[in-house]
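The values are calculated or read from the model by the stated rules, or taken from the named source; none is laboratory data. Keep in mind that this is a model prediction, so the values were computed, not measured. For neighbour counting, all protein chains shown are included, and Cβ atoms are generated from backbone atoms with ideal geometry for every residue, glycine included.
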Amino acid sequence: MKPVVVRPFEADDLVGAARALVEVHETDGYPVEGVEDPRAWLKSDDVLAAWVAEVEGEIVGHVSLMRPQGEDAVSLWIAQSGDDEAHVAVLARLFVVQAARKHATGRSLTEAAMAYARAQDLRLVLDVMTKDAAAIRLYERLGWRRIGEATHHYGSGQSIQAVCYVSPEA
Ligand SMILES: CC(C)(COP(=O)(O)OP(=O)(O)OC[C@H]1O[C@@H](n2cnc3c(N)ncnc32)[C@H](O)[C@@H]1OP(=O)(O)O)[C@@H](O)C(=O)NCCC(=O)NCCS
């Protein structure tokens, strides 16, 4: 595979990132709630920072850090640590198109977000569906620790099991 560049998200990346997201939804069913409006799902006022992975000008991956919005992972972590919510952010919207996988692209995206969080004195949490086994292996390889379980509700009364993680201490 050609070299992968991981860099901060720029406004012009939205179309390419949305295209990559739709592709990942087709191959992996991520996110489970579907991608009716992929651009809105990627870009909102709750995004603190985001990064993309690019191969020869084409967006092949994405990750973002988001302000807490009542996620189970946030409340679990705050209850366990006594941390202030102002020092917590949520790692979300991590995906890499199938053709670019297994070249440490997901790892580089996650590490970029983790480095930013360390510099900003933010502790990261996330939830991941138990079906997304590659993502779970990636987080555990990078030292994330499991802090509990959650049920993710979506659609019209559907639900799926998820596990919650906290990033390693800086
Ligand atoms: C999770 C996801 C982002 C991982 O992306 P990725 O770019 O393949 O991630 P990495 O390359 O860093 O790691 C994946 C695997 O490739 C391996 N790998 C990395 N570089 C490699 C190389 N040069 N040669 C061989 N294997 C390599 C890793 O060890 C890892 O192995 P594992 O699957 O046995 O654990 C991707 O699978 C994805 O988008 N999944 C669907 C969406 C999803 O689940 N998102 C998570 C939401 S919480």
Checklist line | Looking only at the range 105-119, and only at residues there that are out of contact with any Leu (no Cβ under 8 Å at 6 or more places or on another chain) and in contact (Cβ under 8 Å) with a residue 12 or more places away in the chain, the one that is farthest from Val60 (Cα to Cα) | finding: Arg118
Item checked: Subset of the range 123-145 [in contact with a His (Cβ under 9 Å, 6 or more places away or on another chain) and surrounded by fewer than 21 Cβ atoms within 10 Å (Cβ to Cβ)] -> Arg123, Met129
Checklist line | Yes/no for Glu149 being away from the ligand (no atom under 12 Å from the Cβ) and either within 15 Å of Gly61 (Cα to Cα) or of a type in the set (Asp, Glu) (or both) | finding: yes
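Would you mind stating whether Val4 is within 16 Å of the ligand (Cβ to nearest atom), more than 17 Å from the chain's Cα centre (by Cα) and not small (Gly, Ala, Ser)?
Values: within 16 Å of the ligand (Cβ to nearest atom): yes; more than 17 Å from the chain's Cα centre (by Cα): yes; not small (Gly, Ala, Ser): yes.
Here the answer is yes, as Val4 does meet what is asked.
Here's the yes/no breakdown for (1) at pLDDT 95 or above; (2) touching a helix residue (DSSP H, G or I) at 6+ places or on another chain (Cβ under 7 Å); (3) not charged (D, E, K, R):
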position: Val90; (1), (2), (3): yes, yes, yes
position: Ala99; (1), (2), (3): yes, no, yes
position: Val128; (1), (2), (3): yes, yes, yes
position: Ala135; (1), (2), (3): yes, no, yes
position: Tyr139; (1), (2), (3): yes, no, yes
position: Gly148; (1), (2), (3): yes, yes, yes
position: Ser156; (1), (2), (3): no, no, yes
position: Ile160; (1), (2), (3): yes, no, yes
